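The values are calculated or read from the model by the stated rules, or taken from the named source; none is laboratory data. Since the model is a prediction, treat every value here as computed from it, not as a measurement. Please note: Cβ atoms are built from the backbone with ideal geometry, for glycine as well, and neighbour counts cover all protein chains shown.
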Amino acid sequence: MEKEALIDIILNDLKEVHTLVNTFKGKSEINTAFVNLTRTKIANINEELSLLEQLNGQKTSVSSSESSLTSETTSNSTKNDIESIAESSKQFIKGEANTKGETDEQVAKTNEESEQVIKKVPATIETSVQENKKSVNIIKKELQSIEKLNQKTDHTSNKATVLGESIKQDTSSVNEAIATSKDITANIKQIGKPVNDVRKAIGLNDRFYFQRELFGNNANLFNQTLDQINQMDSFNSAISFLQSNFNWETDNEVTVSFFNSIQRRFL
């Protein structure tokens, strides 16, 4: 009977091992607790097979009393071994369950801490964003200040340029006026003082001299020409008028003297 009971226990343990190993299929990761449980079951099966071998090897020549005693002893021993193996399996399973419980608690604690960290992430990101916005605003203000300063500098530079150009123009005008004044002064020293009538610039001797040499001794033509010159606005206009109406040589001494005389009208 003990032999049959032991065989049933072995078969039952084999079924459990088969069931455990089947659970490993299709999983990327296998729970270590189940692997250790499978090892324990296999170790139990080895011990059970050893007991079965002992039961099968008993001698048939032992007396009935000794056989009965031996059988009883063996039976008791076998029962004790079986109970020991069963208890060992229960303790292992209990230990694995406790280990699994502790692991679950650690996982739960880790998940809770992760959730707390995740909850803090948006606040941290928001704080960082606000700080970045403040930095950007400060940089914008500094750039605006620099731009205003550059505009002021450009405006001041433009004013300085305009003022410099104005001073330059004024200086040029003053220089031109000084040069003109010098020319007039030189002309006055050379040809005489300004007059409001060209006749006053021509003396009596020069009058007869110009009339004879330049106007063919024609008094009317000479007087009409002087009247025309008095009506003109500039010395250049008077020269153009004389050159277009008379064929005089400009480098002739009498021509130069006449031009100098009428120039006094336009000083």
Go through the residues of the range 231-244 one by one and say whether even a single one is part of a loop (DSSP other than H, G, I, E, B), of a type outside the set (A, V, I, L, M) and either in contact with a helix residue (DSSP H, G or I) (Cβ under 7 Å, 6 or more places away or on another chain) or surrounded by 13 or more Cβ atoms within 10 Å (Cβ to Cβ) (or both).
-> yes
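Quick grid of which residues meet (1) at pLDDT 50 or above; (2) outside any helix (DSSP H, G or I); (3) out of contact with any helix residue (DSSP H, G or I) (no Cβ under 7 Å at 6 or more places or on another chain):
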site: L11; (1), (2), (3): yes, no, yes
site: L20; (1), (2), (3): yes, no, no
site: G26; (1), (2), (3): yes, yes, yes
site: T38; (1), (2), (3): yes, no, no
site: I45; (1), (2), (3): yes, no, no
site: E48; (1), (2), (3): yes, no, no
site: D81; (1), (2), (3): yes, no, no
site: A86; (1), (2), (3): yes, no, yes
Out of the range 216-230, which residues are assigned to a helix (DSSP H, G or I), free of Cβ contacts under 8 Å to residues at least 24 places away in the same chain and not small (G, A, S)?
-> N220, L221, F222, N223, Q224, T225, D227, Q228
Please verify whether the range 5-16 includes one or more residues that are touching a residue at least 12 places away in the same chain (Cβ under 8 Å) and among the small types (G, A, S).
-> yes
Kindly indicate the residue of the range 196-208 that is touching a helix residue (DSSP H, G or I) at 6+ places or on another chain (Cβ under 7 Å) and surrounded by fewer than 17 Cβ atoms within 10 Å (Cβ to Cβ) and also farthest from S257 (Cα to Cα) among those meeting that condition.
-> D197
